[in-house]
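In what follows, a single structure is set out as structure tokens and then discussed.
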Amino acid sequence: MGVQRGGNYLHGTDPEEQARLSSLNDLLNRAALRELGLRGGEKIVDFGAGLGQLTRDMARAAGAPVVGIERSPQQIAEARRQAKDAGEESLLLLRQGDVQEGVARSEEGTYDLAHARFVLEHVPDPLVVVRSMMRAVRPGGRVVLQDDDHDILRLWPEPLGVRALWAAYMRAFDRVGNDPYVGRRLVELLHAAGARPTRSNFLFFGACAGEKAFAQLVDNMASLVLGAREAIVGDGLLPTSVFDSSLAELRHFRDRPDGAFWYAVSWAEGTKP
């Protein structure tokens with residue numbers, strides 16, 4: 001959900017960012033597993049596995065290890081540490097690699113499911129990745145995409161300046177050649193890659209004041225924006241003073257007794273003919 005510049009994740013891979021990603025997984029993974037509907041025994045490859053929490057969740061549901069492709073050695077090291085602490089090292093088969101290249105040629109056409117979440121928004125050509133996923137699965141295999149359409153976010157009552165702040169955050173994606181709206185394109189991408197689209201949905205990713213998740217969601221949004229500060233301010237998308245005051249308003253929003261955070265993750269899946 002962050003911004004990349006020159007192929008690098010602006011939010012980094014430091015412990016604070018890894019903690020944010022772990023919190024994000026806690027909020028989203030149950031809904032993701034429900035939508036995946038794994039029956040057991042599936043051979044799965046996870047494109048852009050990150051810290052591997054959802055990868056391990058899928059492995060547990062499938063009853064078999066899951067291959068995870070991840071380019072960052074820091075993320076791989078932390079994913080393995082977390083798996084070891086959980087006694088689940090055997091569930092993760094992590095490989096350092098590029099999601100645009102996918103699995104080894106010898107493994108193409110052997111997977112039942114290829115999955116990617118929050119990957120396509122960060123690559124210059126999402127179709128290259130989806131085609132790579134299609135090569136990985138067998139005929140009749142599933143390709144599942146989850147990603148963001150940042151434009152659907154709504155906070156209410158709307159904090160002063162936050163709409164402009166979020167617009168600048170989205171514009172930062174454009175400036176580095178990425179797509180903040182890729183979520184609305186998932187079905188189109190599946191079709192263009194040769195899949196037969198079978199289902200689309202929204203995974204609700206919101207909460208209201210009074211729910212534990214509300215503060216987590218607002219904090220996550222604040223972390224995202226703060227991590228992109230250099231791109232937003234440095235590229236002249238917002239003056240420093242406006243950025244800082246809008247971010248302060250966002251942080252105050254988490255304490256509102258009447259606040260609502262409305263967002264959803266776009267979901268689409270298809271099968272290989």
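Let me spell out the model: positive unit charges on the Cβ of Lys and Arg, negative unit charges on the Cβ of Asp and Glu, origin at the Cα centre of the chain. What dipole size does that give, in debye rounded to 20?
720 debye
Placing unit charges on C-beta atoms (Lys and Arg positive, Asp and Glu negative, everything else neutral), compute the dipole magnitude of the range 231-273 about its Cα centre in debye, rounded to 20.
Here the size comes out at about 160 debye.
Before anything else, pin down the relative contact order of the chain: Cα pairs under 8 Å, at least 6 apart, normalised by residue count, whole percent.
Reported as a whole number, the value is 21 percent.
Work from the charge dipole of the chain (Cβ charges, +1 for Lys and Arg, -1 for Asp and Glu, about the Cα centre) and give the residue of Ser241, His191, Phe253 farthest towards its positive end.
Positive-end residue among those listed: His191.
Quick check: the angle from helix 15-36's long axis to the longest principal axis of the chain, C-alpha only, nearest 10 degrees?
Taking Cα atoms only, the helix is inclined about 60 degrees.
Helix 162-175: angle to the longest alpha-carbon principal axis of the chain, degrees 0 to 90, nearest 10?
For 162-175 against the chain, the angle is about 50 degrees.
Helix 212-227 sits at what angle to the longest principal axis of the chain, using alpha carbons and giving 0 to 90 degrees rounded to 10?
Long axis of 212-227 versus the principal axis of the chain: about 80 degrees.
Tell me the mean residue ellipticity at 222 nm calculated for the chain from its helices only (DSSP H runs of n ≥ 4, each -39500 (n - 2.57), averaged over every residue, nearest 500).
Value at 222 nm, helices only, nearest 500: -13000 deg cm²/dmol.
Using only the alpha-carbon atoms, what does the range 15-118 span along each of its principal axes? Please give whole angstrom values in decreasing order.
The principal-axis extents, from largest down, are 38, 28, 25 Å.
Would you pull out the residues with amide H under 5 Å of Tyr111's amide H, same chain only if 5 or more places away, H placed 1.01 Å from N?
HN-HN under 5 Å from Tyr111: Val137, Arg138.
Each value in this text was obtained by applying a stated rule to the coordinates, not by laboratory testing. Note that this is a predicted model, so its numbers are computed, not measured. Note that each Cβ is placed from the backbone with ideal geometry, even for glycine, and that neighbours are counted across all protein chains shown.
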